Amino acid sequence: MMLGLVLARAGVEVTVLEKHDDFLRDFRGDTVHASTLTLLDELGLGDRFAAVPHQRLERLRLPLRRNAPLDVDLRLLRGPHKHIAMVPQWDLLDMLADVALEEPSFSLRMGAEVFALLREGGRVAGVRYGDDGGDHELRAPLTVACDGRGSHVRAASGLRVREFGVPLDVWWFRLPRREGDPDGVSGRVGGGATLIMIDRGSYFQLGYQIRKGADAELRAAGIETLRERVAALAPELADRVGELGGWEDVSLLTVRLNRMPRWFSGGLLCIGDAAHAMSPVGGVGINLAVQDAVAAGRVLATPLRRGDVRARDLARVQARRWAPTAFTQSLQRLIHRAVIRPGLEQRPTHDVRLPRRAVARLFALGLLPEHAPRFARRAHGSGA
Ligand SMILES: Cc1cc2nc3c(=O)[nH]c(=O)nc-3n(C[C@H](O)[C@H](O)[C@H](O)COP(=O)(O)OP(=O)(O)OC[C@H]3O[C@@H](n4cnc5c(N)ncnc54)[C@H](O)[C@@H]3O)c2cc1C
């Protein structure tokens, strides 16, 4: 959606295909990072975003050290935004869609699922997709796969992806939050489990880490076991774990961490999780996906307007985003090894020693954050 908006503002004809009928899904994280907040300002959307109800996350308590969690204060950051905004992702996507639809060259087709690539002369020439009206073809000089960690487009492209093993999957569920409960985001580790608690105002979004592939086996033990474990990790929730009615209240989020050595081929570019699936560790994947989109918009607007996108243009997008991606994934893998895997296997965890300010920067801004290209900028508060 972000790439669509940026390109449409350059006058490029863009069609975004989304397989769901709406963005109302609850499993992609709700973080809008400080660097994305700055981007929204640059796009003239700061006021519009500020009107969307959200929580401000200014402090993180991260279970990176054995004896006490690492307290990170985002107010230490330099720059206009010193927090992460917690917003249901559908609100952000709806806002971006509304703004993009104000551009005459932008169109959005919801309920449109891509299932194959069109090829011509050895290049990708568009996609086949299905919707309520049947199957269709959409031809384009450039197809961008932004279809997430299970990317169908990437699979259809035959491009290679390098998988890094991950030790965890995540159970995702909610419990009510009351006056005096912890705010911000905090993590609890113990008894072979880690619980991440995300304050969403009236409720906690909870992420409970389980061993990779152990979902069926653990569910067979009964929902009471989960209630007991949550109460043991977060005693302040003991009085309400009964509100977890059954397993239907608990979604399994399958975690993957991988990266394509080459993010493109003739007529095709992969970005975001499609190019490099991020672990939920640190909650940074949305930021990386947004940054990829802005980088792609900046680099590709001119070649797309010329109608001549070459491999070297696509290579420039990958080159621009490679270091932040590889570095962030290395850090996630280190945390998997030092904290998550030993925690899940009930072994002693290792300390991950990082300076607080560096952690704040990495979480809230990311490495080499992108800025809106001039052609996409609008005056503050002007929206489109
Ligand atoms: C448990 C868990 C928690 C996480 N929490 C956070 C967090 O708090 N903060 C954070 O920053 N990151 C978090 N992440 C990582 C984050 O979700 C991803 O890195 C990020 O969503 C990637 O964005 P994306 O746009 O590339 O893909 P996605 O957000 O996955 O979006 C892909 C889109 O493509 C659509 N689509 C898929 N297939 C097709 C198709 N064939 N045709 C048409 N449309 C299609 C999907 O419906 C979806 O809308 C978490 C990940 C997991 C697994």
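Brief remarks follow.
- Measuring r between the beta carbons of Leu76 and Glu113 and using R0 = 41 Å, the FRET efficiency lands at 0.40.
- Sparse-neighbour loop sites [trypsin sites (Lys or Arg not before Pro); the stretch 315-382; at most 12 other C-beta within 10 Å; DSSP]: Arg353
- Antiparallel DSSP beta bridges within the chain, as percent of all bridges there, nearest 5: 85
- For the residues Asp147, Asp308, Asp199, a GNM of the chain with alpha-carbon springs under 10 Å puts the largest fluctuation on Asp308.
- Added length on full extension, which subtracts the Cα-Cα distance from 0.36 nm per residue, Arg200 to Asp132: 21.0 nm
- Cα→Cβ-extended label distance, 7 Å offset, between Asp94 and Arg357, nm: 4.1
- In order along the stretch 221-237, phi translates into HN-Hα couplings of 6, x, 5, 4, 4, 5, 4, 5, 5, 5, 5, 5, 6, 10, x, 5, 9 Hz, rounded to whole numbers, per the Karplus curve 6.51 cos²θ - 1.76 cosθ + 1.60 with θ = phi - 60° and x for Gly and Pro.
- Helical contribution to [θ] at 222 nm, DSSP H n ≥ 4, -39,500 (n - 2.57), averaged over the chain, rounded to 500: -9000 deg cm²/dmol
- Dipole moment magnitude, nearest 20 debye, the chain about Cα centre, only Lys, Arg, Asp, Glu C-beta charged: 2100
- Each Lys and Arg Cβ is given +1 and each Asp and Glu Cβ -1; about its Cα centre, the stretch 168-253 then shows a dipole of about 180 debye.
- Note on Glu163 and Glu120: with the Förster distance fixed at 35 Å, the Cβ-Cβ geometry gives a FRET efficiency of about 0.70.
- Taking all protein chains into account, the per residue accessible area for the stretch 168-253 stands at 42 Å² (1.4 Å probe).
- Whole-percent carbon and sulfur share, accessible surface of the stretch 168-253, 1.4 Å: 51
- Gain in span if fully extended, Ser251 to Leu101, counting 0.36 nm per residue against the direct Cα distance: 50.8 nm
- Dipole-positive endmost among Val170, Phe375, Leu45 within the chain (Cβ charges, Cα centre): Phe375
- Among Asn287, Gly267, Val250 the positive-end extreme of the charge dipole of the stretch 246-311 (Cβ point charges): Gly267
- Amide H contacts of Leu257 (H built 1.01 Å from N, in plane; Pro and chain starts excluded): Phe164 sit under 5 Å, all sequence-distant by 5 or more or on other chains.
- Taken one residue at a time, the phi angles of the stretch 278-284 give Karplus couplings (6.51, -1.76, 1.60, θ = phi - 60°) of 9, 5, x, 4, x, x, 10 Hz. Gly and Pro are set to x.
- Here the calculated FRET efficiency for Trp322 and Ala238, from their Cβ-Cβ distance with R0 = 41 Å, stands at 0.35, rounded to the nearest 0.05.
- Relative to the longest principal axis of the Cα atoms of the chain, the long axis of helix 89-100 makes an angle of roughly 20 degrees.
- Interchain or long-range residues, amide H under 5 Å from Leu168's placed H: Lys212
- Mean separation of Cα pairs under 8 Å and 6 or more residues apart, divided by the residue count, gives the chain a relative contact order of 25 percent.
- Relative contact order for the stretch 2-152: 27 percent, from Cα pairs under 8 Å spaced at least 6 residues apart, divided by residue count.
- Computed from backbone phi with θ = phi - 60° and the Karplus coefficients 6.51, -1.76 and 1.60, the 3J(HN,Hα) list for the stretch 360-365 is 4, 4, 5, 6, 8, 10 Hz; x is used for glycine and proline.
- Annotation: amide H-H contacts under 5 Å for Gly126 (H modelled 1.01 Å from N, sequence separation of 5 or more, or interchain): Leu118, Ala140.
- Percent RCO, i.e. relative contact order, over the stretch 168-253, from Cα pairs under 8 Å lying at least 6 residues apart: 38
The values are calculated or read from the model by the stated rules, or taken from the named source; none is laboratory data. All values derive from a computational prediction rather than experimental measurement. Every residue, glycine among them, receives a Cβ derived from its backbone with ideal geometry; neighbour counts consider all protein chains shown. Only protein heavy atoms, including side chains, enter the accessible area calculation; ligands, DNA and RNA are left aside. Shrake-Rupley method; radii C 1.70, N 1.55, O 1.52, S 1.80 Å.
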